[in-house]
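First comes the structure, then the notes that go with it.
The values are calculated or read from the model by the stated rules, or taken from the named source; none is laboratory data. Since the structure is predicted, the reported quantities are computational estimates derived from the model, not experimental observations. Neighbour counts are summed over all protein chains in view; Cβ atoms, including those assigned to glycine, are modelled from backbone coordinates with ideal geometry.
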Amino acid sequence: MMSAPAGANTLTAAEKADGWTLAWDGKTLDGWLAVKSGCKAPPEKGWVIKDGTLTMRPVNGIANGKWFPLPPEDQKLGGGGDIVTAKKYRDFAFKFDFRLTESANSGVKYFYDENLNKGTCEEYQILENGHPDSDKGKDGNRKSASLYDIIPANADSILKGPGEWNSGMIVAKGAHVEHWLNGVKVLEYDRGTPAFKAAVKASKYADWGIDAAGKPQDWGEIPEGRILLQDHSDSTVSFCNLKVKEL
């Protein structure tokens, strides 16, 4: 496993001038909340901060495409669940470095609201292709950098392998959203358009649009929400250099 990049979790003078701030300080979980707490407190376990990286601890493993429970002593250390920013964002750019292990699965979700759409939202998929989910979905829309289960990124040739650091970025302004991987824009879409609605209708989220009162609403069109790092429970993925800029 490669160590965190030199200068990780700091801002350059150019980034500061351009309005970037650190979404994670590299040392604590200040500003991050556990979904399991109702987004009210940091996770009590499951997320490890070491040498400038933030890493989830799994409770299950994968071998030959099948899941198996880890030993009880390991399970006790995992299970922290997803974590989210305390702050909600509307127009933003979010940069993040991630390091995969074999068969790992995670994601960066955005426009998350715990009270809407059954707690689901758009997801920048993070996946090592040895994970069983890699071959599911349609046209590769569950592979890395895709809008999970909705729009494929076709970024296999850009994704670096297990143990190496990848750089992702999500840019959302108004209805327009972009996914970037290792400096390359791999997909873009506009929320609320007929094409977007059709893609959602063809996905697992077709009937998941629910407002706070439990009434149907259009999925994937919430104007603002939290940014979420996914704990998939069966994977080890590390993050660093989490940076955000409001647009």
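Every residue, every condition in (1) surrounded by fewer than 19 Cβ atoms within 10 Å (Cβ to Cβ); (2) modelled with pLDDT under 95; (3) part of a loop (DSSP other than H, G, I, E, B), yes or no:
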residue	(1), (2), (3)
180	no, no, no
195	yes, no, no
198	yes, no, no
219	no, no, yes
235	no, yes, yes
240	no, no, no
244	no, no, no
Whichever residue in the range 200-216 is over 21 Å from the mean Cα position of the chain (by Cα) and touching a residue at least 60 places away in the same chain (Cβ under 8 Å) and, among such residues, is surrounded by the most Cβ atoms within 10 Å (Cβ to Cβ): 210
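Please find, among 174, 137, 163, the residue that is among the small types (Gly, Ala, Ser), modelled with pLDDT under 95 and surrounded by fewer than 19 Cβ atoms within 10 Å (Cβ to Cβ). Quick ask: steps written out before the conclusion?
Values: 174 fails: modelled with pLDDT under 95; 163 fails: modelled with pLDDT under 95.
Just a single option satisfies the conditions, and that option is 137.
Quick grid of which residues meet (1) more than 29 Å from residue 157 (Cβ to Cβ); (2) assigned to a loop (DSSP other than H, G, I, E, B):
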{"site": "73", "(1), (2)": "yes, no"}
{"site": "79", "(1), (2)": "yes, yes"}
{"site": "93", "(1), (2)": "no, no"}
{"site": "133", "(1), (2)": "no, no"}
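Tell me the residue from 54, 127, 147 that is under 21 Å from residue 29 (Cβ atoms), in contact with a strand residue (DSSP E or B) (Cβ under 7 Å, 6 or more places away or on another chain) and not polar (S, T, N, Q), please.
When all the criteria are applied, what remains is 54.
Would you check if residue 139 is assigned to a loop (DSSP other than H, G, I, E, B) and under 18 Å from residue 202 (Cβ atoms)?
Working: assigned to a loop (DSSP other than H, G, I, E, B): yes; under 18 Å from residue 202 (Cβ atoms): yes.
When the stated conditions are applied, residue 139 passes them.
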Residue in the range 12-19 that is modelled with pLDDT of 95 or more, surrounded by 15 or more Cβ atoms within 10 Å (Cβ to Cβ) and either closer than 21 Å to residue 124 by Cβ or of a type outside the set (Asp, Glu) (or both) present: yes
Residues of the range 20-32 classified as buried (at least 16 other Cβ atoms within 10 Å of the Cβ) and in a strand (DSSP E or B), total: 1
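Taking residue 172, is it touching a strand residue (DSSP E or B) at 6+ places or on another chain (Cβ under 8 Å) and outside any loop (DSSP other than H, G, I, E, B)? Please lay out each step first, then the result.
Working: touching a strand residue (DSSP E or B) at 6+ places or on another chain (Cβ under 8 Å): yes; outside any loop (DSSP other than H, G, I, E, B): yes.
Yes.
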Residue tally, condition farther than 17 Å from residue 140 by Cβ and either touching a strand residue (DSSP E or B) at 6+ places or on another chain (Cβ under 8 Å) or of a type in the set (A, V, I, L, M) (or both), over the range 186-206: 7
Within the range 58-85, considering residues that are small (Gly, Ala, Ser) and surrounded by 14 or more Cβ atoms within 10 Å (Cβ to Cβ), the one farthest from residue 112 (Cα to Cα): 61
Condition broken by residue 223, with the remaining ones in (1) surrounded by 14 or more Cβ atoms within 10 Å (Cβ to Cβ); (2) farther than 22 Å from residue 137 by Cβ satisfied: (1)
Filtered residues of the range 33-71 (kept if under 21 Å from the mean Cα position of the chain (by Cα), part of a loop (DSSP other than H, G, I, E, B), aliphatic (A, V, I, L, M) and at pLDDT below 95): 59
